[in-house]
1. Provide a single number: the residues in region 606-621 that are farther than 20 Å from residue 580 by Cβ and in a loop (DSSP other than H, G, I, E, B).
2. Residues of region 501-541 being touching a strand residue (DSSP E or B) at 6+ places or on another chain (Cβ under 7 Å) and either assigned to a loop (DSSP other than H, G, I, E, B) or surrounded by fewer than 22 Cβ atoms within 10 Å (Cβ to Cβ) (or both), which ones?
3. Just one of the numbered conditions (1) outside any strand (DSSP E or B); (2) closer than 27 Å to residue 826 by Cα is not true of residue 876; which one?
4. Can you tell me which residue is farthest from residue 309 (Cα to Cα) among those in region 132-177 that are part of a helix (DSSP H, G or I) and free of Cβ contacts under 8 Å to residues at least 40 places away in the same chain?
5. Of 142, 171, which residue is at pLDDT 85 or above, surrounded by fewer than 20 Cβ atoms within 10 Å (Cβ to Cβ) and within 23 Å of residue 224 (Cβ to Cβ)?
6. Surrounded by fewer than 15 Cβ atoms within 10 Å (Cβ to Cβ) and farther than 21 Å from residue 774 by Cβ: is that true of residue 843 in this structure?
7. Of the residues that make up region 281-290, is at least one in the same structural domain as residue 199 (by TED's automatic domain parsing), in contact with a helix residue (DSSP H, G or I) (Cβ under 9 Å, 6 or more places away or on another chain) and modelled with pLDDT of 90 or more?
8. Among the listed residues 887, 893, 904, which satisfies the condition of being at pLDDT below 90 and under 23 Å from residue 826 (Cβ atoms)?
């Protein structure tokens with residue numbers, strides 16, 4: 001009975017505890033419901049914030065973390081689960097008669113969901129996506145001359161009004177070539193950049209070539225939106241990725257400049273039917289406007305008399321004010337019929353020409369030659385011919401026509417162009433390479449000054465497509481010069497017997513046909529074609545060739561008839577698949593030989609017999625291993641040898657394999673430009689080598705015990721560059737070499753002493769990287785104030801033991817007095833980039849860039865003194881957690897133009913005040929950093945805030 005009583009008691013106890021628990025759960029029902037509402041609201045807001053961060057990350061080309069994607073999925077699911085619970089509670093809030101079991105289950109579910117929502121709310125992400133790219137600017141500033149005249153201003157206003165209308169999505173600026181379409185639209189883009197940067201999320205500028213190439217268009221768009229394109233990607237694949245990326249934007253403006261035929265925007269990947277996207281194009285063709293279903297065609301009219309005169313005066317300059325010149329000048333302007341490109345071209349052609357007779361003759365020439373234009377093409381080309389006919393010599397005219405051999409929008413390498421001019425007899429070949437180059441540069445500059453050529457990038461020029469068309473038309477009339485060009489067009493016609501210069505560049509020729517007898521053909525351009533084989537007798541009928549360019553073709557061998565080219569002066573084979581060449585002995589007149597980026601494994605036979613050869617390019621010959629001893633001894637006229645990034649190793653002495661040695665180079669008395677890699681310093685240690693090195697006008701010498709890559713900049717014109725990698729300077733005698741060096745790169749070197757620094761009086765650029773024994777750039781020895789008197793550019797990279805740049809106060813002198821830029825990267829022990837001792841000497845400093853110096857707390861250490869950097873324009877700082885300040889006060893940098901800060905959250909104050917506000921153009925950084933900066937007052941903060949550009953948000 002006792003046992004039975006115990007069981008009953010225990011059962012009752014368990015029942016009461018269970019009942020109490022359920023009653024307790026029921027009693028918390030309302031509190032849990034209220035808390036669940038709050039938590040789910042907070043979670044929804046947090047989700048929206050993280051989704052926004054994910055969208056921004058995708059816009060910058062980043063992939064969100066998998067944990068973030070999983071978290072968003074869980075949140076979406078719990079939102080779906082919680083919503084009906086809350087709705088059910090609201091519907092039965094007053095229903096007290098519900099069964100207790102049902103109410104208990106609802107309460108239990110609410111409690112469980114509340115725990116899950118709390119857990120998701122507590123989750124924190126430092127970043128939603130790894131890495132961060134530079135921000136994509138909404139609009140990029142474009143270099144363009146300002147608009148001239150009231151008509152242009154009116155056109156700009158009208159175009160802006162059209163652009164603002166929501167019902168217009170496709171706009172065309174239509175008009176004649178040279179009427180100013182591109183200049184107007186570029187100025188429009190800049191106006192958006194300066195005045196309305198938020199009008200569009202992104203403005204994308206795409207330059208279209210006459211020969212439509214969708215892959216080039218896609219490439220430009222992908223580059224603008226930071227979309228990486230792989231080599232094997234198809235047009236369809238790239239289009240899909242561009243479309244996905246652009247659809248993340250709310251408002252897009254796509255500008256297509258110089259459209260010649262219909263572009264299928266869907267194939268490119270443009271969401272052209274989406275209201276978020278607007279397309280603005282420039283074209284000379286009405287048919288393009290129709291074919292591309294343009295909503296509004298904005299027609300560009302010719303300039304009126306007043307605006308045309310203002311543009312001409314602006315182009316011709318103050319010479320217009322001289323007595324007697326205005327009258328003939330106005331006649332010239334009248335004959336231009338309001339075409340801006342022609343007005344500007346003629347104005348510049350007459351600039352600084354004070355002779356009244358010349359102006360009168362020019363006006364008369366126009367009146368005799370151009371009464372009324374019959375059609376658009378004549379209105380464009382007849383005036384443009386003036387620039388051609390005004391060239392003072394037949395040589396200059398041929399040099400201009402030569403540029404028409406290159407395709408539209410092609411970047412013409414100036415060095416190669418001048419080599420062609422020399423080799424084809426336009427420049428006297430009986431002078432040194434330097435003299436010929438200088439004369440060639442003078443010709444190029446004359447053509448640029450005459451507005452017949454345009455500067456492109458560094459070392460390249462372009463011929464505007466209108467001027468190229470002009471040159472082609474002139475070539476058809478100037479049969480004496482014999483130019484004929486099919487560049488960039490499908491191959492359709494063989495050269496005529498009278499042809500002298502013939503170009504088939506980039507014509508997609510796979511199989512080369514035999515040419516007829518062309519006894520006068522002196523230049524043949526075949527580069528950029530997928531030609532795999534040249535017919536055996538191809539050159540049999542081309543015995544007068546002086547210039548042959550087969551670069552970037554797929555040929556693996558030259559045909560037997562190659563030996564017929566005894567008149568050849570320039571042979572360009574850059575980037576061909578050649579592994580071996582036939583004997584070059586027959587090419588005794590060759591001046592230029594370019595074998596760069598080929599697959600050759602040995603120097604061609606007969607090379608040593610080319611006694612006239614002046615320029616030999618063997619750069620990037622990564623498989624070149626064999627050069628027989630004596631193979632270059634016969635190159636008595638050689639002036640330029642480029643073997644940068646070649647695999648060939650030069651040794652001091654001839655080994656068992658009878659290899660060519662460095663001593664053979666010393667025998668080349670005319671050599672003035674040398675680019676080469678050496679295994680050791682010993683080659684340059686001899687007295688003969690030292691004396692020989694001094695005679696070189698330019699050199700780029702890499703001393704490295706192993707092969708190296710090409711990530712370092714190649715020496716610029718007239719630069720004497722020395723790269724030392726893994727060299728122990730205590731064991732080597734380099735004093736004479738250093739004394740003649742203008743640009744020095746020291747990589748993983750040891751043993752640098754005061755004696756070496758003192759040898760660098762001619763140094764202009766210095767880079768020191770991964771040299772662990774360097775603790776101080778300039779110490780306190782008495783001779784230090786004479787160091788680096790001509791140094792302009794200094795890079796200190798990964799110097800883990802560098803403590804300071806200049807150790808102590810130096811006497812006033814020339815030390816660092818010409819320094820313009822200093823870049824400091826990953827120097828963990830460095831406390832300041834510019835020590836006070838250094839600050840006293842670098843009054844010409846223009847740019848400071850510092851990154852990854854984890855212990856740096858101050859950039860410029862002024863020591864409390866009122867010292868300034870009067871011409872400092874740029875400061876860029878990144879990834880320095882301990883950085884607290886740039887400098888003391890706000891007067892150190894009076895003309896600062898640009899500040900960029902990233903990953904330096906400890907930096908609370910900028911060296912800015914209203915006094916130096918006029919020069920400032922932009923401040924770039926993280927929004928969190930900007931919000932935590934301290935300012936003198938809110939007015940100052942708001943004033944500089946207009947210059948601030950934030951990186952996209954990166955964290956949750």
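The values are calculated or read from the model by the stated rules, or taken from the named source; none is laboratory data. Just so it is clear, the structure is predicted and the values come from calculations on it, not from any experiment. Using ideal geometry, Cβ is built from the backbone for each residue, glycine included, and neighbour counts are taken over all protein chains shown.
1. Of the residues in that region, 3 qualify.
2. If the condition is that a residue be touching a strand residue (DSSP E or B) at 6+ places or on another chain (Cβ under 7 Å) and either assigned to a loop (DSSP other than H, G, I, E, B) or surrounded by fewer than 22 Cβ atoms within 10 Å (Cβ to Cβ) (or both), then 504, 505, 521, 522, 526, 527 are the ones that fit.
3. Going through the list (1) outside any strand (DSSP E or B); (2) closer than 27 Å to residue 826 by Cα, residue 876 breaks only (1).
4. For region 132-177, the residue satisfying everything is 164.
5. The unique qualifying residue is 142.
6. No.
7. So far as region 281-290 goes, yes, one or more of its residues are in the same structural domain as residue 199 (by TED's automatic domain parsing), in contact with a helix residue (DSSP H, G or I) (Cβ under 9 Å, 6 or more places away or on another chain) and modelled with pLDDT of 90 or more.
8. It is 887.
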